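Chemist: Provided herewith is a single structure, encoded as structure tokens, for subsequent inquiry.
Each reported figure results from applying straightforward, stated rules to the coordinates on display, with no laboratory input. Please read all numbers here as calculations on a predicted model, not as lab measurements. When we count neighbours, we look across all protein chains shown, and the Cβ atoms used for this are built from the backbone with ideal geometry, even at glycine.
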Amino acid sequence: MKPRIYYTKPSITELEVGYATDAARNGWGERCYEYIGKFEEAFKAHLGVQYAIATSSCTGALHIGMAALGIGPGDEVILADTNWIATAAPIVHLGAKPVFVDILPDSWCIDPELAEAAITPRTKAIIAVHLYGNLCEMDRLLAIGEKNGIPVIEDAAEAIGSIYYGKRAGSMGKFGSFSFHGTKTLTTGEGGMFVTNDAELYETVLTLSNHGRARGQIKQFWPDMVGFKYKMSNIQAAIGCAQLERIDELVNRKREILNYYREHLENLGILGMNPEPEGTINGAWMPTVIFKKETKITTEKLQNIFQRENIDARVFFHPLSSLPMFESPTVNINAGDIPHRAINLPSYHDLSFDEQKTVANLILSLSNES
Ligand SMILES: *Cc1c(COP(=O)(O)O)cnc(C)c1O
């Protein structure tokens, strides 16, 4: 059996090990928040935002952010049908309803026109999920939000390193959320970040994230409201500090991998890949190929040949509306169709040239067949 080629794996160096060791050895007592503070400061600087709160996950960041916006029972939140359930779950936990709309065929992100058409008097937010590092059409979404008085939230879990006309993904909406799960470009094992430029929203989220204890509250053990406990640990933040010092290296390597696949596969004319429209930079979290319909190459076939070569074959997200716990009054054509002829390609930082060539050649061999 050939050695397995993984689709994703963190890049951990002596820097991460050193900081984590320091946090484990010394980061207690009055120093117990030191790396958390440093990580938040560095993340703010990286993203170009005013406020950041480290969280235990992106799901948690979305949950407290949407709670702070007052989203609750009877409300609706619009998002793309193509996504991991993590973005939808907090909406449900708040008692609100996720409204799934179709994606654009080229970016696989929310179709702004359909998002606008889905607005009702109960709509409380639109979530822009930058899928696989591909950017949503933020100008249009923000204009729609402004026109209708609805905040646009950015789920940038997959989009660290992605830039939209000079602005980083996650920095443009009412608030943004990030994930540092072990599969993501920057990792802390588990972890996330809430970011915003809105001072009032920041204060509310800060209070909510600390079990409802307001910053100025001097009475001990005195919560001002029922909040959440979605904090990041100092040891995780230490790893995050090291990863953030290496962020350009981490993103550049991801982009290098995507570009290699692009150069070797895109001009075959049988598939589409993560786009990078003019004026934008794709952080390239997850290189993905979507075969054209007429090739008749299916996801099942791709999974089989990848499995044969001992290569991870991660499938394109199922439409959330197809899951049993959600109702779907409409059929979202692109979200329903694309997963049948698509696959994510291995892209971890330490992927060797030979491994990448093996993956590319496998796809090339299919093009000869079709
Ligand atoms: C990974 C991911 C999440 C969830 O992140 P966690 O940190 O695991 O909560 C949310 N949204 C998107 C788009 C993701 O890819």
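Chemist: Compute from the Cα atoms of the chain the Rg and the Dmax, the latter being the longest Cα-Cα distance, and quote both in angstrom.
Modeler: According to the Cα coordinates of the chain, Rg and Dmax are 20.9, 72 Å.
Chemist: If you count the DSSP beta bridges with both ends in the chain, what percent of them are antiparallel, to the nearest 5?
Modeler: 55 percent
Chemist: State, as an integer percentage, the relative contact order of the chain based on alpha-carbon contacts under 8 Å between residues 6 or more apart.
Modeler: Once normalised by length, the contact order is 23 percent.
Chemist: Given H placed on each backbone N at 1.01 Å, which residues far from T123 in sequence or on other chains put an amide H within less than 5 Å of it?
Modeler: Those qualifying (amide H under 5 Å, at least 5 residues apart or on another chain) are E76.
Chemist: HN-Hα J couplings of region 53-67 from phi, Karplus 6.51/-1.76/1.60, θ = phi - 60°, integer Hz, Gly and Pro as x?
Modeler: 10, 6, 10, 6, 6, 6, 4, x, 4, 5, 4, 5, x, 6, 4
Chemist: Skipping prolines and chain starts, which residues have an amide H placed within reach, meaning under 5 Å, of the one on V101, given they are 5 or more residues away or on another chain?
Modeler: Those qualifying (amide H under 5 Å, at least 5 residues apart or on another chain) are L79, A80, D81.
Chemist: Related question: Most fluctuating residue of H349, H93, H130 in a GNM of the chain with Cα springs under 10 Å: which is it?
Modeler: H93
Chemist: What is the pair-distance distribution P(r) of region 130-181, computed from all Cα-Cα distances in 5 Å bins starting at 0, with each bin given as a whole percent?
Modeler: Taking every Cα pair in region 130-181, the percentages come to 5, 23, 31, 24, 12, 4, 1.
Chemist: Between the helical axis of 34-47 and the dominant principal axis of the chain, each derived from Cα atoms, what acute angle in degrees is found, rounded to the nearest 10?
Modeler: Between the helix axis and the principal axis of the chain, the angle is about 60 degrees.
Chemist: Calculate one ³J(HN,Hα) per residue across region 233-243 by plugging θ = phi - 60° into the Karplus curve 6.51 cos²θ - 1.76 cosθ + 1.60, and present them in order as whole Hz with x for glycine and proline.
Modeler: So the J values, rounded to whole Hz, are 7, 4, 5, 4, 4, 4, 5, x, 4, 5, 4.
Chemist: Along the three principal axes, how long is region 138-258 when you take its alpha carbons, biggest first, rounded to the nearest angstrom?
Modeler: 53, 43, 18 Å, listed from the longest principal axis down.
Chemist: Straight distance only, please: which lysines reach the Cα of K2 with their own Cα at less than 23 Å, same-chain residues fewer than 8 apart left out?
Modeler: K301, K357
Chemist: Could you tell me the distance between the Cα centroids of region 254-318 and region 329-347, to the nearest Å?
Modeler: 12 Å
Chemist: Determine the distance separating the Cα centre of region 1-80 from the Cα centre of region 137-182; give it in Å without decimals.
Modeler: Distance between centres, Cα-based: 17 Å.
Chemist: A follow-up question, please. Just to confirm my understanding: which cysteines in the chain have no other cysteine beta carbon less than 4.7 Å from their beta carbon?
Modeler: For the chain, the answer is C32, C58, C241, because their Cβ atoms have no other cysteine Cβ under 4.7 Å.
Chemist: Taking a temperature of 37 °C and a viscosity of 0.692 mPa s, what whole-number D in µm²/s does Stokes-Einstein yield for region 44-172 with Rh from Kirkwood over alpha carbon pairs? Can you show the working numbers first?
Modeler: Details: Rh = 14.7 Å.
Once the numbers are plugged in, D ends up at 224 µm²/s.
Chemist: Another question, if that's okay. Starting from the Kirkwood radius over alpha-carbon pairs of region 1-62, derive D by Stokes-Einstein at 4 °C in a medium of 1.567 mPa s and give it in µm² s⁻¹.
Modeler: Numbers: Rh = 14.5 Å.
Diffusion coefficient, whole number: 89 µm²/s.
Chemist: At 20 °C and 1.002 mPa s, what whole-number value in µm²/s does Stokes-Einstein give for the translational diffusion of region 194-316, with Rh from the Kirkwood sum over Cα pairs?
Modeler: D, rounded to a whole number, is 112 µm²/s.
Chemist: What is the angle, in °, between the Cα long axis of helix 247-265 and the longest principal axis of the Cα atoms in the chain? Nearest 10 is fine, range 0 to 90.
Modeler: 20 degrees
Chemist: If you don't mind, there's one more thing I want to ask. For region 13-21, in order, what is each residue's ³J(HN,Hα) by Karplus, 6.51 cos²θ - 1.76 cosθ + 1.60 with θ = phi - 60°, in whole Hz (x at glycine and Pro)?
Modeler: Couplings: 10, 4, 4, 4, 4, x, 5, 5, 5 Hz.
Chemist: With everything on Cα atoms, drop me the angle between helix 138-148 and the longest principal axis of the chain, reported from 0 to 90° to the nearest 10.
Modeler: In the chain, helix 138-148 runs at an angle near 50 degrees to the longest axis.
Chemist: Out of all DSSP beta bridges in region 84-219, what portion is antiparallel? Express it as a percent rounded to 5.
Modeler: Within region 84-219, antiparallel bridges account for around 45 percent of the total.
Chemist: Shifting gears a bit: Residues with beta-carbon under 13 Å from that of S179, excluding S179: net charge, scoring Lys, Arg +1 and Asp, Glu -1?
Modeler: Combined, the nearby Lys, Arg, Asp and Glu give -3.
Chemist: Taking the square root of 5 times each eigenvalue of the Cα gyration tensor, what semi-axes in Å does the equivalent ellipsoid of region 29-84 have, largest first?
Modeler: Here the semi-axes work out to 28, 14, 11 Å.
Chemist: Run through all the Cα pairs of region 263-363 and give the fraction in each 10 Å bin from 0, expressed as whole percent.
Modeler: Using 10 Å bins, I get a P(r) of 13, 42, 33, 11, 1 for region 263-363.
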